[in-house]
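The block underneath contains the structure these notes are about, expressed in structure tokens.
The values are calculated or read from the model by the stated rules, or taken from the named source; none is laboratory data. Because the structure is a prediction, the values reported are computed rather than measured. Cβ sites come from the backbone with ideal geometry, for glycine too, and all protein chains shown count toward neighbours.
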Amino acid sequence: MKRSVWIALALALAAFIPVGASTFVALSQEELVAQSDAVIQGRVLKVSSFWTPSGRLIVSEAMVQVEETVAGRAPGVVTLRTAGGTVDGFTVKAHGFPSFAVGDRVLLFVSGAEGRAEVTGYQQGQYRIARDKAGAEVAVPAIGEGVRLLHRDGTPAAAAKAVQLDTFKAQIRDRAERIRPLEN
């Protein structure tokens, strides 16, 4: 009898887990800054998708024109590689991984800013720049459907919220200065 109760409980809990969900450890803004070589604001110039040499995974590369280096150092154009994309009618959707479209304005926490780089913390390090109802620029978290963020103890983390872009950049600069005072 006890075994059937545990099985029923496990099935009931499984029903609340979204199908296709990706789970990541939540990173604080301070952790994102500490793990990044640079934080950049820019515009996506080009996106190309292709099969990896093994032919098992589609990846995408996005070229981002850097409009402003918020923290750290970055070249004028950063090329970012991420999982997912579409090639010859085949699409791979990698939940939780950054995705880009030509023309997107973005604020990115990046690792490996020289040459090919990656977005730090997957989608946690990607913000889209938009305007709020009053016309002010805001940084909108890119975390999408099918993504769960958990604290290291396994408890669910609150989703990041949109924030005024200038305020966000000031917070990032302040944290970067405290973490690496000579590099900024």
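Brief remarks follow.
- Here is the figure for region 53-76: residues that are without any contact (Cβ under 8 Å) to a residue 40 or more places away in the chain and of a type in the set (Lys, Arg) total 1.
- Considering residues of region 153-163 that are surrounded by 14 or more Cβ atoms within 10 Å (Cβ to Cβ) and closer than 17 Å to GLU137 by Cα only, the residue farthest from the chain's Cα centre (by Cα): VAL163
- Every condition in (1) modelled with pLDDT under 90; (2) at negative phi is met by GLY146 except one, and the failing one is (2).
- Whether a residue is loosely packed, with under 13 Cβ neighbours inside 10 Å and more than 26 Å from LYS161 (Cα to Cα) was assessed, and SER60 does not pass this test.
- Residues satisfying the stated conditions in region 100-124, i.e. surrounded by fewer than 20 Cβ atoms within 10 Å (Cβ to Cβ) and part of a loop (DSSP other than H, G, I, E, B): ALA101, VAL102, GLY103, ASP104, GLY112, GLU114, GLY115
- Taking the listed residues THR79, THR91, the one that is at pLDDT below 95 and either in a strand (DSSP E or B) or surrounded by fewer than 20 Cβ atoms within 10 Å (Cβ to Cβ) (or both) is THR91, with no other qualifying.
- Residue list for region 36-52, restricted to those being free of Cβ contacts under 8 Å to residues at least 40 places away in the same chain and in a strand (DSSP E or B): SER48, SER49, PHE50, TRP51
- If the condition is being over 15 Å from the mean Cα position of the chain (by Cα) and at pLDDT 95 or above, then region 35-52 contributes ARG43, LEU45, LYS46, VAL47, SER48, SER49, PHE50, TRP51.
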